[in-house]
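Chemist: There's a structure below that I have some questions on.
Readers should treat all values here as calculations from the given coordinates under stated rules, not as data from a laboratory. The structure presented is a predicted model; accordingly, all values stated were derived computationally and were not measured. Here Cβ is always computed from backbone atoms with ideal geometry, including for glycine, and neighbour counts include all displayed protein chains.
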Amino acid sequence: MYVAARRGLIAALTERAERAEREQFLLAERARAEERVRLAGEMHDVVTHRVSLMVLQAGALRVVSSDERVRAEAEGLRAAGCQALEELRDLVGVLRSPESAAGVVGAVGDGGGVSGGVGVGDLGLSVLVEESRAVGVEVELSEVGDRSVSSPVVARTAYRIVQEGLTNVRKHAPGCGVWVEVRYEADRVRLRVRNTAPTGLVDRELASSGSGSGLKGLRQRVELVGGTFEFGPRPDGGFHIESELPIYVPTTRSWIRPRRPRVHGQG
């Protein structure tokens with residue numbers, strides 16, 4: 001009986017150790033998947049945004065310069081930027097592959113500043129608007145209410161929404177008018193980015209350089225903080241993005257309760 005009991009105890013301890021090892025492995029895999037998806041989001045939101053600005057500036061220089069050498073160099077820079085965007089799209093696709101998608105997106109960080117050196121207390125929306133204006137996009141920004149009451153997570157998410165909206169306008173709707181509206185209320189932040197139909201010639205290389213996951217990523221970001229998200233075409237041929245975010249969300253992940261957003265269109 002003693003031998004049987006001893007064997008049973010050893011078997012139970014072995015099973016427990018194996019189960020703990022499996023759980024540890026799954027936790028490590030999940031952490032790696034979260035980090036890959038977070039990196040994909042940062043690359044799409046930050047790097048793609050900057051490179052697309054560079055491409056537009058080079059394209060504008062190619063058009064306005066009277067120096068043939070400058071025009072040639074500007075075209076080379078523009079082409080290199082488009083190629084870089086293509087490579088970024090492929091890399092983001094790899095990072096966001098099904099095996100790395102753990103059902104979460106690294107939209108909720110440690111509560112620190114928005115990437116690119118913009119502090120959370122100041123959403124930096126005016127900086128985003130000025131960047132678009134510098135490459136010829138007509139943008140109007142309207143902010144109503146006290147933005148300092150929003151929590152860091154909400155500020156970061158709001159910044160990303162506006163950034164993605166303006167990036168898409170530059171890539172897909174040249175010559176349009178754009179309105180960015182942000183309203184800070186007692187319990188929520190309302191955002192809307194809308195544009196008219198494009199009137200200029202679309203740069204096909206630039207327009208096709210995205211990963212196609214920007215709006216999908218935004219949907220996940222908004223879902224993580226319990227907000228709502230809508231986007232789609234407008235009757236006038238333009239496009240709109242609208243979102244409502246709770247004014248305050250703790251930075252600790254375990255407190256965040258996702259809500260299914262309302263989405264129209266494809267990201």
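Chemist: With a 10 Å radius around each residue's Cβ, average the other Cβ atoms per peptide and rank 65-77, 179-191, highest first.
Modeler: 179-191, 65-77
Chemist: Using only the Cα atoms of the stretch 1-79, each taken as one equal point scatterer with no solvent, compute I(q) by the Debye sum, divide by I(0), and report log10 of the ratio at q = 0.13, 0.21, 0.26 Å⁻¹.
Modeler: -0.66, -0.91, -1.05
Chemist: For Thr14, what is the net charge nearby, where nearby means another residue's Cβ is under 11 Å from its Cβ and Lys, Arg count +1, Asp, Glu -1?
Modeler: The answer is 0.
Chemist: Listed highest first by mean packing, meaning other Cβ atoms within 10 Å per residue, what order do 132-142, 2-12, 47-57, 221-231 come in?
Modeler: Result, highest mean Cβ count within 10 Å first: 221-231, 47-57, 132-142, 2-12.
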